[in-house]
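A.B. asks: Quick one: this structure, given as structure tokens, is what I'll be asking you about.
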Amino acid sequence: MRVLVDRLRQGAWRRSPDEVVVEEPLEIRLDGHMVATTMRTPGHDYELAVGFCAGDGLLGGAAVTGVRYCGEGPAAEFEYNVVTVETGGRAPVPTPRLGNVSAACGICGSTTITDMAARLGPLAGTRCFDVDAVHAALAAVPAAQEMFGRTGGLHAAATFDAGGRIDVLREDIGRHNAVDKVIGRRLLDGRDDAGAMALFVSGRASFEMVQKSWAAGIGTLIAVSAPSSLAIEAARAAHITLAGFARGAELNVYCGQVGGGRAQPLGSNASANS
């Protein structure tokens, strides 16, 4: 949306229009049952809802048969802020998450690595990416961030292939939402090549980012900023290659391998703490 702002430039004030990111709540339902309310940037709402349900393990292996806006009347009356993912009742009835999920917050510690490992198991057969592919993807992302170029206020997530070519890119005010939109798009398209893809995120690599990559079957996660200790621990358990501080020609690999660079062995319980 466009707003009037007072800008200070070279010691002088000037009023002019500026474009800012829209943030609104989205209520996500599964087969009509309340799941959660998340703050997001409107757009690609179906993808976000599907990706959210998949990443949280709510589908229980059930196929998505449809996605729609819903409410107690016409969708327009609810400003298109309620979406239900349909599985024909085959997915387990979800336990609603109390309170709103902020644009900066994912699972927030409600799911442990042990739970994830029991549900998903370590990834196998995923591609090892060369550093040149990572750099090519990093160079391609900015040009694809249309809304960030206009507002400067959005995160991006993208999957890319072994040649560094962007597969799916989505933007959102929330890092987690951007990832959910990417994963949701791939699920809705019936894609089965997750093991051949890497996931890029424009912010830090939190536990939730690793969890979403793990649930999607993507074995390489590249982040612009730092990982957390729990993210590294989860990546080791998942056999996911985790890299952070991916900026220009720089890259820190915390577990797994990128282009032959050495790091902690996959699945290692070794600690760098002293």
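Quick note: the coordinates plus some simple rules give every number you see, no bench work behind them. Since the structure is predicted, the reported quantities are computational estimates derived from the model, not experimental observations. Cβ: placed from backbone, ideal geometry, glycine included. Neighbour counts: every protein chain shown.
A.B. asks: Near the amide H of residue 35, under 5 Å away, which other amide H atoms are found, from residues 5 or more places off or on another chain, if H is placed in the peptide plane?
C.D. replies: Residues meeting the amide H criterion: 28, 29, 30.
A.B. asks: Would you look at the GNM of the chain, springs on alpha carbons closer than 10 Å, and say which of 180, 56, 115 moves the most?
C.D. replies: 115
A.B. asks: Further, regarding this structure: What order do you get for 6-13, 219-226, 205-212 when each peptide is scored by the mean count of other beta carbon atoms within 10 Å, highest first?
C.D. replies: Numbers: 6-13: 7.5, 219-226: 22.5, 205-212: 26.4.
Going from most to least packed, we get 205-212, 219-226, 6-13.
A.B. asks: Related question: Amide H to amide H under 5 Å from residue 155: which residues, 5+ apart in sequence or cross-chain, H placed 1.01 Å off N in plane?
C.D. replies: For residue 155, whose amide H was placed from the backbone, the distant partners under 5 Å are 172, 173, 174.
A.B. asks: Add +1 for every Lys or Arg and -1 for every Asp or Glu among the other residues with Cβ under 14 Å from the Cβ of residue 44, and state the total. Could you put the intermediate results ahead of the total?
C.D. replies: On the way: positive: 40, 170, 181, 185, 186; negative: 24, 45, 47, 146, 171, 172, 180, 189.
Charge balance near residue 44 sits at -3.
A.B. asks: Could you check the simple spin-label distance between residue 228 and residue 80, using points 7 Å along Cα→Cβ, in nm with one decimal?
C.D. replies: 3.3
A.B. asks: Using a Förster distance of 22 Å, how high is the FRET efficiency between residue 130 and residue 249, based on the Cβ-Cβ distance and rounded to 0.05?
C.D. replies: Values: r = 14 Å, r/R0 = 0.63.
Plugging the Cβ-Cβ distance into 1/(1 + (r/R0)^6) gives 0.95.
A.B. asks: Sticking with this structure for a sec: If packing is taken as the average count of other Cβ atoms within 10 Å, what order do 229-240, 117-128, 17-28 fall into, highest mean first?
C.D. replies: Numbers: 229-240: 22.3, 117-128: 13.7, 17-28: 15.6.
My ranking of the peptides, most packed first, is 229-240, 17-28, 117-128.
A.B. asks: What distance in nm separates the simple spin-label points at residue 118 and residue 5, each placed 7 Å from Cα in the Cβ direction?
C.D. replies: Placing both labels 7 Å beyond Cα along the Cβ direction yields 4.8 nm.
A.B. asks: Sticking with this one: What's the local net charge at residue 189, with K and R +1, D and E -1, over the other residues with C-beta under 14 Å away?
C.D. replies: Values: positive: 170, 181, 185, 186, 191; negative: 47, 167, 192, 193.
The answer is +1.
A.B. asks: Also, quick follow-up: Would you mind computing, in nm to one decimal, how far apart the modelled labels at residue 166 and residue 18 are, each placed 7 Å from Cα along Cα→Cβ?
C.D. replies: 2.4
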